[in-house]
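Okay, structure first, notes after.
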Protein chains: 6
Amino acid sequence: MIDKIDDAARKTVSERMNEGRMGVLQDLMDYFDPELGKEIGNFIIGKMYSRSVIPWKTRQLCTIAALTVLYRPAQLKGHIIYALQAGATKEEIGEAIIQVAIYGGFPASLEALKVARETIDEAAGESPGT
Amino acid sequence: MIDKIDDAARKTVSERMNEGRMGVLQDLMDYFDPELGKEIGNFIIGKMYSRSVIPWKTRQLCTIAALTVLYRPAQLKGHIIYALQAGATKEEIGEAIIQVAIYGGFPASLEALKVARETIDEAAGESPGT
Amino acid sequence: MIDKIDDAARKTVSERMNEGRMGVLQDLMDYFDPELGKEIGNFIIGKMYSRSVIPWKTRQLCTIAALTVLYRPAQLKGHIIYALQAGATKEEIGEAIIQVAIYGGFPASLEALKVARETIDEAAGESPGT
Amino acid sequence: MIDKIDDAARKTVSERMNEGRMGVLQDLMDYFDPELGKEIGNFIIGKMYSRSVIPWKTRQLCTIAALTVLYRPAQLKGHIIYALQAGATKEEIGEAIIQVAIYGGFPASLEALKVARETIDEAAGESPGT
Amino acid sequence: MIDKIDDAARKTVSERMNEGRMGVLQDLMDYFDPELGKEIGNFIIGKMYSRSVIPWKTRQLCTIAALTVLYRPAQLKGHIIYALQAGATKEEIGEAIIQVAIYGGFPASLEALKVARETIDEAAGESPGT
Amino acid sequence: MIDKIDDAARKTVSERMNEGRMGVLQDLMDYFDPELGKEIGNFIIGKMYSRSVIPWKTRQLCTIAALTVLYRPAQLKGHIIYALQAGATKEEIGEAIIQVAIYGGFPASLEALKVARETIDEAAGESPGT
């Protein structure tokens with residue numbers, strides 16, 4: 001990915017993101033349409049993720065809240081990693097997820113908590129589930 | 001509502017919330033089952049909304065993000081008012097809403113932006129849409 | 001509608017349903033494709049709604065539960081009327097709606113409670129909201 | 001879990017529920033916030049699941065209907081077990097699931113039918129899929 | 001809007017779209033963040049809507065199918081107008097909407113059919129509902 | 001399945017569909033209620049899938065768009081196969097999926113792209129992921 005996106009996007013990747021994550025979408029776009037993949041990367045990373053109106057940590061907590069109620073466990077992992085890297089604690093991440101159970105239901109939050117625990121344990125160098 | 005919920009919930013209402021909002025649910029619960037209404041109020045307000053793991057402003061931005069992607073315009077208004085009361089600016093509220101368009105689609109964010117503009121204008125004592 | 005659907009469907013309409021409701025879909029199908037409208041009526045009413053594996057009242061409560069979490073207020077009204085006609089009380093209808101807040105979130109149940117109160121009041125010959 | 005929740009909730013667990021199920025949420029809450037986990041258990045089990053306005057079997061069929069259209073297969077299993085324990089037959093459970101295909105689409109009902117067949121077969125001491 | 005977006009986007013607007021529609025989002029973005037509004041316009045119109053891999057008419061029918069099952073009636077109108085301008089008939093638009101009832105449920109398709117009839121009647125210079 | 005559905009449905013199966021796919025639903029219905037399974041097959045295949053108002057390829061692209069935003073990966077595979085059989089290219093299928101990211105969010109399209117790549121690679125006799 002890093003060899004295709006423009007400078008603004010590349011700067012955000014190196015400062016804020018671990019390169020591997022957005023690569024899933026980029027890898028798929030390479031298969032279907034590399035040029036469009038580049039434009040999507042430029043827009044999402046270069047324009048949306050580069051903004052500073054709210055702190056990066058708050059932005060990731062809002063994203064976690066949204067992905068939780070949308071029931072998108074596969075995309076949660078990357079944003080939990082970003083939140084941890086931005087200094088969010090286990091408790092803050094759990095709070096964002098359980099808080100939105102009021103709005104999106106407990107099953108959606110429960111699935112997100114599973115992903116969060118697994119990701120946090122992995123990040124801490126522990127085996128999942130301990 | 002204020003005459004039924006317990007002390008913990010009442011404290012949160014007076015410190016953090018404008019009384020009128022949760023009243024919509026309480027009013028409906030009075031019609032169907034006042035006792036259960038009281039328990040729901042005690043749980044949502046007294047337990048969930050009284051917590052301090054994340055700041056009240058961040059909590060409201062996460063809630064706005066969740067309600068946006070769930071496409072629940074009718075419930076957004078109250079939480080935008082809470083966010084404003086917690087010191088969130090117009091720009092921060094807009095950012096939380098437009099940020100999650102990446103995850104929940106632009107139509108959902110667009111509807112939320114409409115509610116946000118209307119609510120912010122009302123709060124500023126201006127007529128909506130100006 | 002009644003002049004187009006087949007005998008099995010017509011029997012269900014006269015025994016279980018107030019004719020006006022499904023008419024909204026039929027009316028729209030008449031505009032786009034009357035023949036397909038007839039087939040849809042035959043299937044939904046003649047096949048699905050004619051079944052007796054669970055009681056008609058339970059079927060309507062399950063339908064109300066589903067429409068609540070799907071956030072489809074416009075379609076709830078008809079099924080609340082069917083539930084009332086099948087002997088469901090105000091309390092039972094409210095219970096089906098508020099019960100699923102655990103799974104689909106409180107905003108969805110709140111919107112459904114609004115429609116339910118309005119429909120129950122109308123059915124009781126009272127003005128809405130009293 | 002059973003050692004933390006209050007008496008009302010514990011009574012419902014012993015009378016109506018197999019202890020293992022809600023334990024998934026409790027176990028996750030123990031990781032993130034045990035105190036909040038207790039309050040959630042007290043509310044969902046002690047307040048919502050202890051009610052008798054509609055029969056426990058009807059309540060479970062409504063829950064199955066809601067989880068089906070929400071596409072939450074992971075949470076369906078427990079409620080299918082509760083429904084079976086409350087005397088629901090294979091046919092009644094299948095009916096609640098397939099009935100809501102009209103409202104939530106056939107793919108959601110199809111996924112729920114898969115979980116239901118597997119759970120019913122397991123409960124009957126047969127290997128899944130036979 | 002037209003004065004802010006770049007040349008690629010402007011070309012697509014003048015060739016394929018009626019200017020007023022995307023203006024709703026642009027107008028809201030002007031209120032919250034005009035610079036981001038421009039970037040979103042450049043991306044959605046200039047990159048996504050300018051593509052030719054599938055015919056514009058097929059693209060609009062796919063969009064109508066997606067907005068139908070997402071239950072986003074407010075955004076459907078513009079895309080039904082684009083479909084009509086691309087030569088889609090009333091029957092083709094109705095078919096895309098009713099076809100997806102199998103996947104997203106009949107209530108979602110019913111609401112979309114209402115919007116479609118109204119929009120088609122307006123486009124034909126007739127009063128809605130005739 | 002083929003031994004139960006009526007002639008109209010059987011004709012569509014042999015002309016347009018690979019028999020195995022709809023068999024998942026039929027197999028499940030055989031377990032719960034074979035008679036209703038037959039009626040559902042007659043309706044979906046015999047009535048809905050037999051229509052010609054829009055070309056079969058366009059119909060499949062609309063279905064892919066709808067299943068993408070509904071986040072129903074398990075049902076996508078069959079319709080991607082139908083689309084390929086109807087002459088849709090890899091690029092056209094990818095376009096229908098990525099196009100609706102604007103409306104249903106990028107995570108839903110990303111999951112659908114994964115299924116599409118896997119299915120297209122399998123159809124081409126290659127191992128998935130190459």
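Of note:
- Rolling a 1.4 angstrom probe over the protein assembly as shown with all protein chains present gives an accessible area of which 50% lies on carbon and sulfur atoms.
- Relative contact order (%) - chain A, alpha-carbon pairs under 8 angstrom, separation at least six: 21
- With a cut-off of 19 Å on the backbone N, the residues of region A:108-127 near the modelled label site 7 Å out from A:Gln85 along Cα-Cβ are A:116-126.
- For residues of B:106-115, the mean tally of beta carbons on other chains within 10 Å: 6
- Summary for D:Ser52: label point 7 Å along Cα→Cβ; distances to the equivalent points in the other copies, ascending, 3.1, 4.2, 6.3, 6.3, 7.3 nm.
- For B:Ile5, the amide hydrogen comes within under 5 Å of no other amide hydrogen, counting only partners 5 or more places away or on other chains and with H modelled in the peptide plane.
- Hz values of 3J(HN,Hα) by residue in region F:63-77 - Karplus curve (6.51, -1.76, 1.60), Gly and Pro given as x: 5, 4, 4, 5, 5, 4, 6, 6, 6, 10, x, 4, 8, 5, 3
- Taking every residue in F:51-63 and counting other chain Cβ atoms within 10 Å of its Cβ, the average works out to 6.
- Listed pairs B:Lys114/E:Lys4; B:Lys90/D:Lys47; D:Lys114/F:Lys38 exceeding 27 Å between Cα atoms: B:Lys90/D:Lys47
- Using the Karplus relation 6.51 cos²θ - 1.76 cosθ + 1.60 with θ = phi - 60°, the per-residue 3J(HN,Hα) values for region D:28-41 come to 5, 5, 4, 6, 8, 6, x, 4, 5, x, 5, 5, 5, x Hz, with x marking Gly and Pro.
- Summed buried accessible area for C+B [probe radius 1.4 Å, Å², rounded to 100]: 1600
- Segment F:Val24-F:Lys77, length gained on full extension (0.36 nm per residue, minus Cα span): 17.9 nm
- Relative pair counts by distance (%), Cα atoms of chain D, 5 Å bins: 2, 11, 20, 20, 18, 15, 10, 4, 0
- Average accessible area per residue (Å²) across chain E - probe 1.4 Å, nucleic acids and ligands excluded: 33
- Sorted shortest first, the distances from the B:Glu122 label point to those of the same residue in the other copies are 2.5, 2.5, 4.4, 4.7, 5.1 nm; each point sits 7 Å from Cα along Cα-to-Cβ.
- Evaluated with a Cβ-only charge set (Lys, Arg +1; Asp, Glu -1), chain C carries a dipole of roughly 380 debye about its Cα centre, given to the nearest 20.
- Closest approach of a chain D Cβ to the axis relating D and A (residue, whole Å): D:Tyr71, 4.
- For A:Asp6, inter-copy label distances in nm, listed shortest first [label point 7 Å out on the Cα-Cβ vector]: 0.5, 5.6, 5.8, 5.8, 6.0
- Each residue of region E:105-118 was assigned a 3J(HN,Hα) from its phi angle through the Karplus expression (A = 6.51, B = -1.76, C = 1.60, θ = phi - 60°), giving x, 6, x, 5, 5, 4, 4, 5, 4, 4, 4, 5, 4, 4 Hz with x at Gly and Pro.
The values are calculated or read from the model by the stated rules, or taken from the named source; none is laboratory data. For clarity, every value in this text was computed on a predicted model and none was experimentally measured. A quick note on method: Cβ atoms are made from the backbone with ideal geometry, for glycine too, and the neighbour counts reach across all protein chains shown. The accessibility values were calculated without ligands, DNA or RNA, using every heavy atom of the protein model including side chains. Shrake-Rupley method; radii C 1.70, N 1.55, O 1.52, S 1.80 Å.
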